[in-house]
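Inspection log for the structure reproduced underneath, given as structure tokens.
The values are calculated or read from the model by the stated rules, or taken from the named source; none is laboratory data. Computed from a predicted model, the values in this text were never measured in an experiment. All Cβ positions, even for glycine, are placed from backbone atoms using ideal geometry, and neighbour counts span all protein chains on display. Side chains included, ligands, DNA and RNA excluded: accessible areas come from the protein's heavy atoms. Shrake-Rupley method; radii C 1.70, N 1.55, O 1.52, S 1.80 Å.
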Amino acid sequence: MKNLLILGAGTAGTMMANHLTKKLPKQEWQITIVDQHETHYYQPGFLFLPFDIYTEDQVKKDGTKFIPKSVEYIQKKIELIQPEANCVQLEGGEQVNYDLLIIATGSTIAPEEIEGMDGPMWHKNIFDFYTYEGAKALRDKLREWEGGKLVVHVTEMPIKCPVAPLEFAFLADSYFKNKGMRDKVEITYVTPLDGAFTKPRAAKALDYLLEEKDIKEVTSFNIERVDYENNKIIDYADVEVEYDLLVTVPTNMGDSVIERSGIGDDLNFVSTNKGSLQSKEYENVFVIGDATNLPTSKAGSVAHFEAEILTENILRYIKGEQLEEAFDGHANCFVETGNGKALLIDFNYVHEPVEGTFPIPGIGPLRLLKESKANHLGKLAFRWVYWNMLLKGVPIPFVSAKMNEKGKKLETVNT
Ligand SMILES: Cc1cc2nc3c(=O)[nH]c(=O)nc-3n(C[C@H](O)[C@H](O)[C@H](O)COP(=O)(O)OP(=O)(O)OC[C@H]3O[C@@H](n4cnc5c(N)ncnc54)[C@H](O)[C@@H]3O)c2cc1C
């Protein structure tokens, strides 16, 4: 019997367990998955939790229910990955040997990287919404906040779902309007980028929306520290931005097990072949989702497209065939713009977000790079799709792993 070990039962790891259990012969392969938690969080829901749009129960479920029965589930912290010895050490001294390893340990926030960020004011007037605890604490704060300077801030790139902080700013605008107190809140969006988003074409559309909603923008802001005693963030050029309520996206990093194992870069992301998803260093190790160092978005949609391609490549690897460089960096994101509307963007390693229709060329029903109510309903419906189709590896009709180029005004970017 051979062992295929998956590290992390988040979006990517759970999808891989479901795909592979259907494809690998059970008499030859034992699949094992390890995660420190039993609860699976629907992280896109953390955007809605602070605004009381979703409840706590809508963003979490028992993750073990999504792991196929034939897969062994170990709920433990992973202490060390030892690729030279083909084994992994778990908390409590347990060792798991493998023939083939998939790293799907994701990324997490590291507020401790910035001086003063997670000090005494953390979750008092400095909040994140990238964790369940952060999003809940922020919801409680917003329920009673009486207004002032709200600063929505991004520490550094890459971050998962790079549009999420912008969406937060847009939803905050709607939230305070609906509460009849928008005139009491000054919203500022502070980013290290030179525009609202990493992709210039989408940035144009998003910069315009910030202006329309009277959200001030401070760009090229490289934060040095948070002065929590005087409520201001300060960057390396000594630019200061004052806040009463700071909602920040701290540095995003791969899990510390990657650092302990010596297999990551400065941010603990694992060096991965951008087309095949094989580790660049170890041929029987594959990497998927936020844990990779790939130059595409860290997003559930990306993990979904990667999972289809990685499944085929793992089958090829087992048969001794050449791997396909099939992953094109495809990412697909709904961008909430507030007032019950959203934009949809679709791009890959070489094409900027483009105008057109999705998922069916020329028909839609969703329109790319245009605000619409249908896109907003699509974003809300995605929660159902996530729990009932995506995690279980059920194909989503008309949505393909490779970006569909038909019927789009394509623009190529340098990679
Ligand atoms: C606020 C927010 C909004 C988002 N919105 C969107 C969106 O609209 N669309 C979209 O496509 N994506 C969105 N995302 C991003 C998406 O949720 C992630 O990209 C996706 O979950 C990545 O999947 P993953 O499997 O790589 O990592 P995760 O789902 O984070 O899973 C990693 C797993 O590994 C486990 N793990 C890590 N280290 C260890 C260890 N040492 N021991 C044991 N277990 C470990 C963790 O417990 C976790 O369960 C959003 C994310 C956030 C935070």
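Going residue by residue through segment 6-16, is there one that turns out to be in the same structural domain as Ala303 (by TED's automatic domain parsing) and more than 10 Å from the ligand (Cβ to nearest atom)? Talk me through it step by step, then tell me what you get.
Within segment 6-16, the first condition is being in the same structural domain as Ala303 (by TED's automatic domain parsing), and the residues that meet it are 6-16.
Still in the list and also more than 10 Å from the ligand (Cβ to nearest atom): none.
No; the residues of segment 6-16 include none that is in the same structural domain as Ala303 (by TED's automatic domain parsing) and more than 10 Å from the ligand (Cβ to nearest atom).
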Here are some residues: Gly364, Gly275, Gly338. Which one is in contact with a Leu (Cβ under 6 Å, 6 or more places away or on another chain) and open to solvent by less than 10 Å² (accessible area, probe 1.4 Å)? Gly338
Only residues that are more than 18 Å from the chain's Cα centre (by Cα) and aromatic (Phe, Trp, Tyr): list them for segment 128-172, please. Trp145, Phe170
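Could you tell me how many of the residues in segment 128-153 are among the hydrophobic types (A, V, I, L, M, F, W, C), away from the ligand (no atom under 12 Å from the Cβ) and open to solvent by less than 20 Å² (accessible area, probe 1.4 Å)? Steps first, answer last, please.
Kept after step one, since they are among the hydrophobic types (A, V, I, L, M, F, W, C), are these residues of segment 128-153: 129, 135, 137-138, 142, 145, 150-152.
From the residues that got through so far, the ones that are away from the ligand (no atom under 12 Å from the Cβ) too are 137, 142, 145, 150-152.
This time we only want the ones that are open to solvent by less than 20 Å² (accessible area, probe 1.4 Å), so: 142, 150-152.
Residues that pass the stated criteria total 4.
Do the conditions hold for Asn252, that is, is it open to solvent by 10 Å² or more (accessible area, probe 1.4 Å), more than 16 Å from Gln82 (Cα to Cα) and touching a residue at least 40 places away in the same chain (Cβ under 8 Å)? Before you say what the answer is, go through the steps one by one.
Details: open to solvent by 10 Å² or more (accessible area, probe 1.4 Å): no; more than 16 Å from Gln82 (Cα to Cα): yes; touching a residue at least 40 places away in the same chain (Cβ under 8 Å): yes.
It is false that Asn252 is open to solvent by 10 Å² or more (accessible area, probe 1.4 Å), more than 16 Å from Gln82 (Cα to Cα) and touching a residue at least 40 places away in the same chain (Cβ under 8 Å).
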The residue that is surrounded by the most Cβ atoms within 10 Å (Cβ to Cβ), considering only those in segment 175-205 that are farther than 29 Å from Glu355 by Cβ and without any contact (Cβ under 8 Å) to a residue 12 or more places away in the chain, is Arg182
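Considering every residue within segment 208-227, establish whether at least one is within 16 Å of the ligand (Cβ to nearest atom) and touching a strand residue (DSSP E or B) at 6+ places or on another chain (Cβ under 7 Å).
No, that holds for no residue.
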Condition test on Ala85, is it of a type in the set (Gly, Ala, Ser) and either open to solvent by less than 10 Å² (accessible area, probe 1.4 Å) or touching a residue at least 24 places away in the same chain (Cβ under 8 Å) (or both)? no
Please give the number of the condition Lys341 fails out of (1) out of contact with any helix residue (DSSP H, G or I) (no Cβ under 6 Å at 6 or more places or on another chain); (2) basic (Lys, Arg); (3) modelled with pLDDT under 95. (1)
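Whether any residue in segment 215-231 is without any contact (Cβ under 8 Å) to a residue 24 or more places away in the chain and buried (at least 22 other Cβ atoms within 10 Å of the Cβ) is what I want to check.
Start the filter on segment 215-231 by keeping residues that are without any contact (Cβ under 8 Å) to a residue 24 or more places away in the chain, which leaves 229-230.
Now narrow it down to the ones that are buried (at least 22 other Cβ atoms within 10 Å of the Cβ): none.
Checked segment 215-231: no residue is without any contact (Cβ under 8 Å) to a residue 24 or more places away in the chain and buried (at least 22 other Cβ atoms within 10 Å of the Cβ).
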Only one of (1) in a strand (DSSP E or B); (2) hydrophobic (A, V, I, L, M, F, W, C); (3) free of Cβ contacts under 8 Å to residues at least 12 places away in the same chain is not met by Val151, so which one is it? (3)
Yes/no for Phe286 being away from the ligand (no atom under 11 Å from the Cβ) and either assigned by TED's automatic domain parsing to the domain that holds Met16 or in contact with a helix residue (DSSP H, G or I) (Cβ under 9 Å, 6 or more places away or on another chain) (or both): yes
Somewhere in segment 113-123, is a residue open to solvent by 30 Å² or more (accessible area, probe 1.4 Å), at positive phi and not assigned by TED's automatic domain parsing to the domain that holds Glu72? yes
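So which of Ile288, Ile318 is more than 19 Å from the chain's Cα centre (by Cα) and aliphatic (A, V, I, L, M)?
Working: Ile288 fails: more than 19 Å from the chain's Cα centre (by Cα).
Ile318 is the lone residue from the list that is more than 19 Å from the chain's Cα centre (by Cα) and aliphatic (A, V, I, L, M).
Report the residue count in segment 22-54 for those that are open to solvent by less than 20 Å² (accessible area, probe 1.4 Å) and either more than 7 Å from the ligand (Cβ to nearest atom) or not in a helix (DSSP H, G or I) (or both). Walk me through how you get there before you give the answer.
Step one: of segment 22-54, the residues open to solvent by less than 20 Å² (accessible area, probe 1.4 Å) are 24, 31-34, 40, 42, 45-51, 54.
From the residues that got through so far, the ones that are either more than 7 Å from the ligand (Cβ to nearest atom) or not in a helix (DSSP H, G or I) (or both) too are 24, 31-34, 40, 42, 45, 48-51, 54.
Number of matching residues: 13.
Look through segment 367-415, keep the residues that are among the β-branched types (Val, Ile, Thr) and loosely packed, with under 15 Cβ neighbours inside 10 Å, and return whichever of them is modelled with the highest pLDDT. Please lay out each step first, then the result.
Going through segment 367-415, the residues among the β-branched types (Val, Ile, Thr) turn out to be 385, 394, 396, 399, 412-413, 415.
Checking which are loosely packed, with under 15 Cβ neighbours inside 10 Å leaves us with 394, 396, 412-413, 415.
Numbers: Val394: 94, Ile396: 84, Thr412: 61, Val413: 58, Thr415: 44.
So, considering only residues that are among the β-branched types (Val, Ile, Thr) and loosely packed, with under 15 Cβ neighbours inside 10 Å, the one modelled with the highest pLDDT is Val394.
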Being open to solvent by less than 20 Å² (accessible area, probe 1.4 Å) and more than 9 Å from the ligand (Cβ to nearest atom) is the requirement here; does Tyr98 meet it? yes
